[in-house]
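Everything below concerns the one structure shown next.
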Amino acid sequence: VAALMAASRAGLVTLLPAANHLDALPVKLFEYMAAGIAVIASDFPLWRRIVDDAGCGLCVDPRDPAAIAAAIDRLAAEPELARRMGQNGRAAVLARYHWRGEAEQLLRYYENL
């Protein structure tokens, strides 16, 4: 899996808009970011905020195959953009989206119970 990810220019996280997806934080999104791979993600408000804030990929309508294909084509045609987005995603994971920070939040929550 690591070799396949290392050879990839982008990772797809295109779940359909269902109640249990809209506010989810998919591990796959953060795995791609941690691996330094640009992401193509469903255009849900939470996901768009993460992707836009990090500058790590493109958001698309997951029900629109042409939009998904256009995002894939764009990153294939612009390898420097894909590389930069991948680097941005990795930097965001190292700075914000990591288990250390989550563990600290969870401990604070338990201490306040």
Considering region 1-57, residues that are surrounded by 16 or more Cβ atoms within 10 Å (Cβ to Cβ) and among the acidic types (D, E), and then whichever is farthest from R96 (Cα to Cα), we arrive at D43
Of all residues in region 10-25, how many are closer than 22 Å to A95 by Cα and modelled with pLDDT under 95?
3
Under the condition of being hydrophobic (A, V, I, L, M, F, W, C) and surrounded by 16 or more Cβ atoms within 10 Å (Cβ to Cβ), which residue from region 58-71 is nearest to A91 (Cα to Cα)?
L58
Could you give me the residue pairs with C-beta distances under 6 Å whose first residue belongs to region 74-103 and is in a helix (DSSP H, G or I), whose second residue is of a type in the set (K, R) and surrounded by 11 or more Cβ atoms within 10 Å (Cβ to Cβ) wherever it lies, and which are 6+ apart or on separate chains?
L75/R9; A82/R9
Based on what the data block shows, is R48 of a type outside the set (F, W, Y), modelled with pLDDT under 95 and out of contact with any Gly (no Cβ under 8 Å at 6 or more places or on another chain)?
no
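The values are calculated or read from the model by the stated rules, or taken from the named source; none is laboratory data. No experiment lies behind these values; they were computed from the predicted model shown. Every residue, glycine as well, gets a Cβ built from its backbone with ideal geometry; the counts of neighbours run over all protein chains shown.
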